[in-house]
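*Asks:* Here's a structure for you.
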Amino acid sequence: MATPLRIVGILTLATGVLVAGPNRFGFSDRVERHLFPEVTTGPAEPVWSPDGKWIAFSMQGDIWKVPSEGGEAIALTQGPAYHFEPDWSPDGRSIALTMDVEGNLEIGVVPADAGLVGSPAGNNVRRLTNDTGVDLEPVWARDGQSILFVSSRNRSFDILRVAMTDGVVTPVVTGPGDQIQPAVSPDGTTLAFVARVSGRLGTGGIWTQPITGGNPTLVHYEESEYRMRPRWTPDGNALVYGSDESGSNDIAMVSATGGNALVVTPDPMGEFSPSVSPDGTRVAFISNHRGPMTLYTAPLAGGPRLSWTAVPITSHQRRSPSGRLRVQVSGPDNMPMPARVTVTASDGRSYTPNAGFARVMSVTETHYFHTMGEFAVEVPAGPVTISAMRGPEFEPATTVVDVADGGTTNGALQLSRLVDMPAQGWYSGDTHAHDYHQGRFGLSHAWLFEQSLAEDLHATNVLIHMDGTRLMGRWQDLTGEPIRESTSTYILQFAQEFRGSLGHIGLLGIGRFKLPLIGGAPNTAYAQTASDLPYIDDAHDQGGIAGFMHPYLNRSDAPAGWAGSLIPVDVALGKGDFYDVNSIYSDELASAEMYYRLLNCGFRLAATGGTDNFPDLWRDPPPGSARTYAKLDGPLSVPAWLDAVKAGRTFSTNAPIVMLRVNGQEPGAVIPTATGLRVEATVTSIAPFDRLEIIVNGAVTWTVRPDGDGRTARFAGSLSAVGPAWIAARVVGGPHPMVGDSYVFAHTSPVYAEQNGERYVSKEDAAFLGEVVDAIKARAMRGPWRSTAERDAFEQELDAARAVYTRLATTGR
């Protein structure tokens, strides 16, 4: 039964306040996605044994070793923990590692012969740390009596030391900012590490200092993103590291005393995690030019890909009995269907097919991968749970199979239709996807398109942008046309994101860049605060649309709390076509609060969903985790989809399908009378939700609890004598393993009811937004500015927006 309810401020479930921030450990997305170790299907973090006969690496959550020329890979660890970042002890008898255990990252050590015939069965990893902080990146001291590692125990990251004898932890390098990725010199006297360089972008440069303490020396700086991981050459004269100076991640080498760096692996794809052989002649590293990570060695002097030597893995020797699982995911027609899959084995860990892309959604720590419908994976013997889903329109499926030791077991799942939105003219899309974001998986157009297929995403807008001064994407991809892999019903097209210091703007449906790609970026030529208006206008000039990405992460009662974005300025000046109410890097309820204030000033913006995902990083949700449904009048095309968005025929969602009608009209419609309004709404969701709410002029007017399974709801009610109004529906729920955001959420664009051609205006909200513009002005006008003329032009924009809100607050028109 529907009951009237008005809720002010951030909304809560019975379990407490809903908050945004889909990060597992509470750190920034950059730290958790780039610095922290990842589960991979190919080798990662290779390191040579002291005698040069073996290379250890992490893969599929375990530490392995393989002969340095290739051969059978031998597992040294097993579940239920995940294991990463091996480092061989100086005597070759032990390997230090990072382990994901009991919900945290800790340091451990395992015997280097743990996988050999005759070694003890079971889990023989010795845990060395046990702290609420995150511990990672272990390296041995040269005397073998302690291990240095990176820890967040003081919130920022410091380099500490744990003694092997008694486990006592002592500081090595601490201080403001982060000190990460330590490497001990061959003679044990000097420590290399990565730390911030004052006044420069990125995560820092390579520094050295005496291991017993002293003043650090900057060896090399470039704009890095947690990928340097410096390692010494055996003679102690140079450091090898990961470099992004050439636009792709390469292995580079620099003198330990500084100077010009040499690129060792010049290649258009990415190379990571270098380790120099004990004799100093070769460097081991991983490459993603095939997509998944592949282990290579190359001459230390460097060379192109033809000079590299792959380290083949011919077979796998695991520590526990295992078997092969072969699975087909089919659709209603019994044919293989692209899908998102989670495979959880008897050891409690998740597994991904070899050469696949293992991924995880941080908010619920749900592991997943994408399949085109058929796959095979090696898993520990015993019961295995397989789950599959494909966006919000298919019923998820789960099955359990018992995998026999040494054999092949078949499994099957069938996905049935929950609702067929294209049959009703509604096509899902993502206003804010990405491709390259310095991840270690070698993403191609085909891989990217298959992610969208598996998520049943019909219109994927992939935004090329700049992070700092690094291009995230490829210049040549912006063509204004769909990529060649696109079909008549699934389209992927590149677009642009402008990243200013006061908000980000998505430019969709364009064929040429509007430069520069950044504004307000400190320590660059574009440090000046930039206006959004030239970018929005340029998108319109090209026949595209422009809108607001991940609007707000927090709400505030104070106008100054909303001053981090130019959205109220842009909208007051008649700019902007859509507003991403759903996005994983904003809070939906906070964003909705500002959305309502803007609508309450008579402005009209489409409610949309844009994920802001990084599809080449393992710790990230898939595209379509925040998506837009747009109602088309005819066949799908990018222009038709964008026209529907601009017209407001949309709803945004991360799971629920929410349909709204007012007097039989759908979102975006304008009703010429504001009396006798009949409001109807329905919800069908793959994930349970807490409530359906009907919003009228920014207030929750009705609340409907879901039916018995928590996944459906229906509402019908009437409004009378309300005057001008806008009506929308939203759905709110809690976290769920199938949802990549912090909580279940969906929101329709409004249906607008006018009275004598007049729109609803709240003088109170107009006055509040005027004060928000004042706060933006106080923040933005501090500069720096290149010229007085540019400063004055920007100030005029702010003053013009302020005048709009002053007029609305005074006259209501």
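*Asks:* Considering only protein heavy atoms, with the full assembly of protein chains and a 1.4 angstrom probe, order Val283, Val363 by accessible area, largest first.
*Replies:* If we order Val283, Val363 from most to least accessible, we get Val363, Val283.
*Asks:* Would you mind working out the magnitude of the charge dipole of the range 453-573 relative to its Cα centre, with +1 at each Lys and Arg C-beta and -1 at each Asp and Glu C-beta, to the nearest 20 Debye?
*Replies:* Approximately 280 debye in magnitude.
*Asks:* What whole-number distance in Å separates the alpha-carbon centres of the range 736-754 and the range 547-587?
*Replies:* Value for the Cα centre distance between the two parts: 16 Å.
*Asks:* Let me ask something additional. Is the shape of the range 704-813 best called rounded, prolate or oblate, per the rule: a/c under 1.5 gives rounded, else a/b larger than b/c gives prolate, else oblate, with a ≥ b ≥ c the square roots of the Cα gyration tensor eigenvalues?
*Replies:* Here the range 704-813 falls in the oblate category.
*Asks:* With a point put 7 Å past each Cα toward its Cβ, work out how far Val670 is from Thr524 in nm, to one decimal.
*Replies:* In this crude label model, Val670 to Thr524 measures out at 3.9 nm.
*Asks:* Further question on the same structure: Would you calculate the separation in nanometres between label points at Ala640 and Asp166, each defined as 7 Å from the Cα along the Cα-to-beta-carbon direction?
*Replies:* 7.5 nm
*Asks:* Over 19 Å, how big is the tail of the calculated P(r) for the range 415-558, in percent of all Cα pairs?
*Replies:* Cα-Cα pairs of the range 415-558 separated by over 19 Å account for 57 percent.
*Asks:* Something else now. Can you list the trypsin sites (Lys or Arg not before Pro) in the range 288-356 that are in a DSSP coil and have 15 or fewer other beta carbons within 10 angstrom?
*Replies:* Answer by residue number: Arg290.
*Asks:* First compute the accessible area of the chain with a 1.4 Å probe, then give the percent of it belonging to carbon and sulfur atoms.
*Replies:* Looking at the chain in its full context, I get 50 percent from C and S.
*Asks:* Using alpha carbons only, how many angstrom separate the centre of the range 80-98 from the centre of the range 492-511?
*Replies:* When both Cα centres are located, 43 Å separates them.
*Asks:* Determine the gain in length on full extension of the stretch Thr385-Asp774; use 0.36 nm per residue of separation and subtract their C-alpha separation, reporting nm with one decimal.
*Replies:* 134.5 nm
*Asks:* Taking a probe of 1.4 Å, how large is the accessible area per residue of the range 609-716, in Å²?
*Replies:* 29 Å²
*Asks:* From the residues Ser152, Ala252, Ser718, which one has its Cα farthest along the dipole of the chain in the positive direction, the dipole being from +1 and -1 charges on Cβ of Lys/Arg and Asp/Glu about the Cα centre?
*Replies:* Ser718
*Asks:* Can you compute the FRET efficiency between Arg474 and Ser255 using 1/(1 + (r/R0)^6), with r the Cβ-Cβ distance and R0 = 45 Å? Round to the nearest 0.05.
*Replies:* 0.90
*Asks:* Using a 1.4 Å probe and ignoring any ligands, DNA or RNA, find the accessible area of Asp158 and quote it in Å² to the nearest 10.
*Replies:* 10 Å²
*Asks:* If you rank Asp405, Asp467 by how much accessible surface each has, with a 1.4 Å probe, what is the order from largest down?
*Replies:* Solvent-accessible surface, decreasing: Asp405, Asp467.
*Asks:* While we're here: Considering only protein heavy atoms, with the full assembly of protein chains and a 1.4 angstrom probe, order His434, His370 by accessible area, largest first.
*Replies:* In descending accessible area the options line up as His370, His434.
*Asks:* Which three semi-axes in whole Å describe the equivalent ellipsoid of the range 630-689, each the square root of 5 times a Cα gyration tensor eigenvalue, listed largest first?
*Replies:* Equivalent-ellipsoid dimensions as semi-axes: 21, 20, 8 Å.
*Asks:* Mind listing which trypsin sites (Lys or Arg not before Pro) in the range 476-528 are in a DSSP loop and have 15 or fewer other Cβ atoms within 10 Å?
*Replies:* Of the trypsin sites (Lys or Arg not before Pro), the ones in loops of the range 476-528 whose Cβ has at most 15 other Cβ atoms within 10 Å are Arg484, Arg512.
*Asks:* Just want the answer: with Cβ charges of +1 for Lys and Arg and -1 for Asp and Glu, which residue in Gly175, Gln209, Thr189 is farthest toward the dipole's positive end in the range 147-218?
*Replies:* Most positive-ward Cα: Gly175.
*Asks:* To the nearest Å, what is the center-to-center distance of the range 153-191 and the range 353-404, using C-alpha atoms only?
*Replies:* 38 Å
*Asks:* Show me the GluC sites (Glu not before Pro) within the range 301-392 that DSSP assigns to loop and that have at most 13 other Cβ atoms within 10 Å of their Cβ.
*Replies:* Glu365
*Asks:* If you don't mind, another one. Tell me what the chain gives for mean residue ellipticity at 222 nm when only DSSP H runs of n ≥ 4 count, each as -39,500 (n - 2.57), the sum divided by the residue total, rounded to 500 deg cm²/dmol.
*Replies:* -3500 deg cm²/dmol
*Asks:* For Thr675, what accessible surface area do you get with a 1.4 Å probe? Give it in Å², rounded to 10.
*Replies:* Estimated to the nearest 10 Å², Thr675 gives 70 Å².
*Asks:* Quick one: divide the alpha-carbon radius of gyration of the chain by 2.2 N^0.38 Å and tell me what you get.
*Replies:* The chain yields a ratio of 0.98.
*Asks:* Which of the DSSP-defined H helices in the chain satisfy a minimum axial length of 18 Å, computed from C-alpha atoms, and a minimum mean Kyte-Doolittle hydropathy of 0.0?
*Replies:* 763-780
*Asks:* Measure off 7 Å from each Cα along the Cα-to-Cβ vector at Arg484 and Arg714, then give the distance between these two points in nanometres to one decimal.
*Replies:* 5.0 nm
*Asks:* Another question about this same structure. In what sequence, highest mean first, do 64-70, 43-49, 743-749 appear when ranked by Cβ atoms within 10 angstrom?
*Replies:* Ranking, from highest mean packing down: 743-749, 43-49, 64-70.
The values are calculated or read from the model by the stated rules, or taken from the named source; none is laboratory data. Quantities reported herein were computed from a predicted structural model and do not represent experimental measurements. Counting neighbours? That spans all protein chains shown, and the Cβs are built from the backbone with ideal geometry, glycine included. What goes into the accessible areas is simple: the full protein's heavy atoms, side chains included, and nothing from ligands, DNA or RNA. Shrake-Rupley method; radii C 1.70, N 1.55, O 1.52, S 1.80 Å.
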